[in-house]
Structure formats: structure tokens, C-alpha cells
């Protein structure tokens with residue numbers, strides 16, 4: 001009989017109300033996910049699986065891929081950059097130091113209904129979760145900017161290294177590498193890994209915050 005995973009009091013306090021304890025327990029039972037979850041420098045974020053805008057927004061992760069056979073469990077954590085305040089400039093939020101940069105980590109448990117070849121995750125799904133995770137890292141890193149973070153993907157380059165077997169669990173790490181135009185343009189990198197540090201895919205891309213609409217003068 002498997003030993004039951006018990007949540008500590010401190011960890012319970014870090015779990016947002018819309019994140020089921022069962023989701024945290026699920027990933028906490030995995031040795032390679034446990035250190036990140038127990039690290040208090042990483043904030044457990046509210047679920048990104050809520051359908052918004054009267055059922056018209058976030059339907060992919062919130063509805064279509066929110067089943068045991070697709071993405072059965074999803075947990076997102078974020079470690080803020082060292083300089084993280086409302087007074088921070090966009091440039092000060094980007095660091096080349098791995099210990100000082102902001103970093104998002106997402107854990108995905110995948111079923112068998114997103115396959116291409118038998119028991120292998122479709123490459124398009126891999127690209128999609130990288131796009132989502134890199135964009136999430138940008139969103140959290142620049143969340144406190146007055147005009148908000150860049151929110152639209154302009155470019156995404158993905159390099160596939162090793163197939164992702166399903167069912168199974170992977171971790172996506174992502175971080176910001178560059179920013180320009182007062183935070184309007186941002187670049188990020190990310191990697192999909194599994195237990196033992198196996199690298200399955202890497203990505204880098206650019207995101208853009210649309211400019212403010214100009215009002216015509218009469």
C-alpha cells in the first residue's frame with residue numbers, strides 16, 4: 001500500500017483557494033516535483049483552467065484539454081525576480097543570473113488523448129504548452145508594470161529533443177531573457193523536462209503588448 005502524502009501546515013497556507021489540495025498532493029508525490037513545491041520561494045498560482053469571458057476565453061486549457069485523458073492535472077508555480085516591486089523598471093526585472101531571475105514552473109500530467117504516434121505526445125501540444133508557459137512567465141514577471149505585460153505571441157521557435165511518452169508527467173521551466181520599449185516587447189526561453197532531467201523540447205520566443213489606440217483629432 002502506497003504511503004499517503006500529507007500536506008504540511010505551511011504548504012496548506014500557500015495553496016490558493018481555487019487550487020485543489022488533491023492537485024498539490026498529486027505532484028508532491030513525485031520526487032522531481034517535490035523540491036519545487038516545497039520551496040517557499042516559489043508561489044503556487046491560482047488555476048489557469050478557468051473559462052472566462054462568458055465561456056469564450058481560456059477554453060483550451062479550461063475545457064477542451066481539462067480531462068483525465070488530456071491534461072488531467074496542472075500546477076503552476078512562480079519564483080519572482082530578485083527586484084520585484086511596483087517601482088521596478090521593466091529592465092530591472094530581467095536577469096541573466098539563474099538564481100536572481102524570475103522563473104515559472106508548470107507541472108502537467110498528460111493522458112493518452114493528445115497523442116500523435118502511439119503513446120507519444122503530439123508535437124503541436126508540446127509547442128502549445130511551451131507557448132502558454134513562456135507567456136505565463138512574461139505575464140507574471142511584468143504583472144506590476146503600469147501598462148501590463150506583453151500578452152501576444154509574435155514568434156515562437158521550438159526545438160524537439162526527445163519524445164514525450166504518455167501517460168506521464170512533465171515540468172516546463174520558463175523565464176524572461178530580454179525586454180525592450182519600456183516593457184512592450186519581451187523575449188523568453190523555456191524547456192520541457194521529465195524525471196531525471198531528461199530534456200524533451202526547448203523554446204524561445206517574443207511577446208508584444210499592443211500599443212494604445214490613438215484617438216483621432218477633430
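The values are calculated or read from the model by the stated rules, or taken from the named source; none is laboratory data. If you're wondering where the values come from, they're calculated on a predicted model, not measured in any experiment. Using ideal geometry, Cβ is built from the backbone for each residue, glycine included, and neighbour counts are taken over all protein chains shown.
Laid out as a table, the results:
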quantity: Scope the stretch 1-28; condition in contact with a helix residue (DSSP H, G or I) (Cβ under 7 Å, 6 or more places away or on another chain), assigned to a loop (DSSP other than H, G, I, E, B) and either touching a residue at least 60 places away in the same chain (Cβ under 8 Å) or under 17 Å from residue 74 (Cβ atoms) (or both); matching residues; calculated: 15
quantity: Check on residue 72, at pLDDT 95 or above, surrounded by 13 or more Cβ atoms within 10 Å (Cβ to Cβ), assigned to a strand (DSSP E or B) and on the phi < 0 side of the Ramachandran plot; calculated: yes
quantity: From 31, 35, residue being out of contact with any helix residue (DSSP H, G or I) (no Cβ under 9 Å at 6 or more places or on another chain), modelled with pLDDT of 85 or more, closer than 15 Å to residue 172 by Cα and exposed (fewer than 14 other Cβ atoms within 10 Å of the Cβ); calculated: 35
quantity: Residue list for the stretch 78-107, filter: touching a helix residue (DSSP H, G or I) at 6+ places or on another chain (Cβ under 6 Å), closer than 15 Å to residue 190 by Cα and either at pLDDT 95 or above or surrounded by fewer than 16 Cβ atoms within 10 Å (Cβ to Cβ) (or both); calculated: 78, 104, 105, 106, 107
quantity: Evaluation of residue 192 against (1) more than 18 Å from residue 36 (Cβ to Cβ); (2) crowded, with 22+ Cβ neighbours inside 10 Å (one fails), failing number; calculated: (1)
quantity: Residues of the stretch 131-166 that turn out to be in a loop (DSSP other than H, G, I, E, B), touching a strand residue (DSSP E or B) at 6+ places or on another chain (Cβ under 9 Å) and surrounded by 15 or more Cβ atoms within 10 Å (Cβ to Cβ), as a count; calculated: 6
quantity: Residues of the stretch 167-185 classified as part of a strand (DSSP E or B), over 16 Å from the mean Cα position of the chain (by Cα) and crowded, with 19+ Cβ neighbours inside 10 Å, total; calculated: 1
quantity: Any hit, the stretch 196-205, residues being outside any strand (DSSP E or B) and surrounded by 16 or more Cβ atoms within 10 Å (Cβ to Cβ); calculated: no
quantity: Residue 53 touching a strand residue (DSSP E or B) at 6+ places or on another chain (Cβ under 6 Å) and either on the phi > 0 side of the Ramachandran plot or without any contact (Cβ under 8 Å) to a residue 12 or more places away in the chain (or both); calculated: no
